[in-house]
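K.L.:
Shown below is the structure under consideration.
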Amino acid sequence: MDSLKIATNKKKNFNFKVGNLTIGKDLLIIAGPCAIENKDQIIQTAKAVKKSGANILRGGAYKPRTSPYSFQGLGEEGLKYLLEAKKITGLPIISEVMDTKEVQTISKYVDVIQIGARNMQNFELLKAVGKQNKPVLLKRGPSATINEWLNAAEYILKEGNEKVILCERGIRTFENYTRNTIDLSAVATVKNLTNLPIVVDPSHGTGRKELIESMSLASIASGADGLIIETHINPNESISDKDQTINPKELFKIIKKVKKLNEFMKKIK
Ligand code: PEP
Ligand code: MN
C-alpha cells in the first residue's frame, strides 16, 4: 500500500460522532429503502426500521441505475421526505451524491453523504466531499482493488475531511448466482492496515434477500463496525432492488442476532 499517508496512519483515531453514535465504536445498523419512492413509503419505513433496532436511516434520492430508463430517484424532493423521516424518528440520515453539483444541496439535508460504488474513483467528487465537513460513506468500486479503494479514501482525507466510513459492497467476479461477491478478507485487511471504520452492505453484496442474515453475521465476525441493509415497508412493491430488500420484521431478527454476535466478539477480543 504505497502512497498512502493518512488512511494507513495507525496512530490516528478515526472515530467520530453521527448524532449520538460514535462511529468506529458503536455497532452501526444503517437500514432503509434503496430509493425514496414517496413520502409515505420513507416515513413508514423509517418508523419500522427504528423499531427493528436500526440506528441510521438510508434512502437514495439520486440513483445510479444501469438503465437510463429505470427510476432515477426523486432528487431534492426525496431529500425533503428523508429529512421529514429524520424529524419524526430522530434517526440520522444518509443518501448518495452522484455529482459535484449536488454536494452542497445534499449536505443541507443529510448527516452522512454516500459515495456509490460507481463513483469510487470520481476524483473530483471525492475532492468535493473532502472539502466539506459531513461524514462520508465510501463504497468500494465493483472492480476496485483494496489499494485503489484506500487511495480513494485518501483523496477525501487529504482535503481535510477525516470522517470517512468505508463500505464493502461486493466486487464483480465470475460468479453470477449472486449479484456480487462479498470480499470479507477486505474487511480484515482494512482493519489490519487502517483505523478507518468499515461497514458491509450484504444487500448489494449478494443481491439476494435470503443471504442477508448469514452475510451480516459473517461481516461482524470479520471485524466490520456495522452493516447497511436495504429494507422496505413492503419489499415486493419496491421500485428498485426488490430481490435484495427485506422487511422490517426480517431486519429485527437479523439485528437481534448481530447484536449478540457483536457482544461475543467483544468478549473474545
Ligand atoms: C445503493 O446503496 O443504493 C447503491 C446504489 O449501492 P452501490 O453504489 O454499492 O451499488
Ligand atoms: Mn440499491
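The values are calculated or read from the model by the stated rules, or taken from the named source; none is laboratory data. These numbers come from a predicted model, not from an experiment. Reconstructed Cβ throughout: ideal geometry from the backbone, glycine too, with neighbour counts over all protein chains shown. All accessible areas refer to the heavy atoms of the entire protein, side chains included, with ligands and DNA or RNA removed. Shrake-Rupley method; radii C 1.70, N 1.55, O 1.52, S 1.80 Å.
K.L.:
Would you tally the residues in segment 154-170 being in contact with a strand residue (DSSP E or B) (Cβ under 8 Å, 6 or more places away or on another chain) and away from ligand 2 (no atom under 16 Å from the Cβ)?
P.N.:
8
K.L.:
Select from segment 108-137 the residues that are in contact with a Phe, Trp or Tyr (Cβ under 8 Å, 6 or more places away or on another chain) and either small (Gly, Ala, Ser) or within 16 Å of ligand 2 (Cβ to nearest atom) (or both) and list them in ascending order.
P.N.:
Met120, Gly130
K.L.:
Check segment 46-57 and report whether any residue there is part of a strand (DSSP E or B), within 16 Å of ligand 2 (Cβ to nearest atom) and either surrounded by 14 or more Cβ atoms within 10 Å (Cβ to Cβ) or hydroxyl-bearing (Ser, Thr, Tyr) (or both).
P.N.:
yes
K.L.:
Tally the residues that are β-branched (Val, Ile, Thr), within 16 Å of ligand 1 (Cβ to nearest atom) and within 21 Å of Lys163 (Cβ to Cβ), restricting the search to segment 191-212.
P.N.:
Adding up the residues that qualify gives 3.
K.L.:
Looking at segment 205-214, which of the residues that are surrounded by fewer than 22 Cβ atoms within 10 Å (Cβ to Cβ) and out of contact with any Lys or Arg (no Cβ under 6 Å at 6 or more places or on another chain) is nearest to Leu21 (Cα to Cα)?
P.N.:
Across segment 205-214, the extreme among qualifying residues is Glu213.
K.L.:
Whether any residue in segment 98-107 is away from ligand 2 (no atom under 16 Å from the Cβ), closer than 21 Å to Gly19 by Cα and hydrophobic (A, V, I, L, M, F, W, C) is what I want to check.
P.N.:
Yes: segment 98-107 contains one or more residues that are away from ligand 2 (no atom under 16 Å from the Cβ), closer than 21 Å to Gly19 by Cα and hydrophobic (A, V, I, L, M, F, W, C).
K.L.:
Quick one: would you say Ala7 is open to solvent by less than 20 Å² (accessible area, probe 1.4 Å), in a loop (DSSP other than H, G, I, E, B), at pLDDT 95 or above and at negative phi?
P.N.:
Yes: the conditions hold for Ala7.
K.L.:
If a residue must be of a type in the set (A, V, I, L, M, F, W, C), part of a helix (DSSP H, G or I) and within 16 Å of ligand 2 (Cβ to nearest atom), how many such residues does segment 241-268 contain?
P.N.:
Here the count works out to 1.
K.L.:
Would you be able to say whether some residue in segment 11-29 is open to solvent by 20 Å² or more (accessible area, probe 1.4 Å), within 16 Å of ligand 2 (Cβ to nearest atom) and of a type outside the set (Val, Ile, Thr)?
P.N.:
No.
K.L.:
Let me ask something else about it. Please work out which one of (1) farther than 17 Å from Glu210 by Cα; (2) under 19 Å from the mean Cα position of the chain (by Cα); (3) not aliphatic (A, V, I, L, M) is the condition Asp241 fails and give its number.
P.N.:
Looking at each condition in turn, Asp241 falls short on (1).
K.L.:
Going through segment 213-269 one residue at a time, which ones are touching a residue at least 24 places away in the same chain (Cβ under 8 Å), more than 16 Å from ligand 1 (Cβ to nearest atom) and among the charged types (D, E, K, R)?
P.N.:
Of everything in segment 213-269, those that are touching a residue at least 24 places away in the same chain (Cβ under 8 Å), more than 16 Å from ligand 1 (Cβ to nearest atom) and among the charged types (D, E, K, R) turn out to be Glu213, Asp225, Lys249, Glu250, Lys253, Lys256, Lys257, Lys259.
K.L.:
Name the single residue that is nearest to the chain's Cα centre (by Cα) among those in segment 220-237 being open to solvent by 20 Å² or more (accessible area, probe 1.4 Å) and farther than 30 Å from Lys269 by Cα.
P.N.:
Going through the qualifying residues, I end up with Ile233.
K.L.:
Please report, ordered by residue number, the strands (runs of 3 or more DSSP E) entirely within segment 89-199 with at least 1 residues that are polar (S, T, N, Q) and open to solvent by less than 50 Å² (accessible area, probe 1.4 Å).
P.N.:
Filter on segment 89-199 gives 93-97, 112-115.
K.L.:
Tell me whether segment 72-79 contains one or more residues that are within 16 Å of ligand 1 (Cβ to nearest atom), part of a helix (DSSP H, G or I), in contact with a Lys or Arg (Cβ under 9 Å, 6 or more places away or on another chain) and among the hydrophobic types (A, V, I, L, M, F, W, C).
P.N.:
yes
K.L.:
Being under 15 Å from Asn119 (Cβ atoms) and surrounded by 13 or more Cβ atoms within 10 Å (Cβ to Cβ) is the filter here, so list the residues in segment 62-71 that pass it.
P.N.:
Within segment 62-71, Tyr62, Lys63, Pro64, Arg65 qualify.
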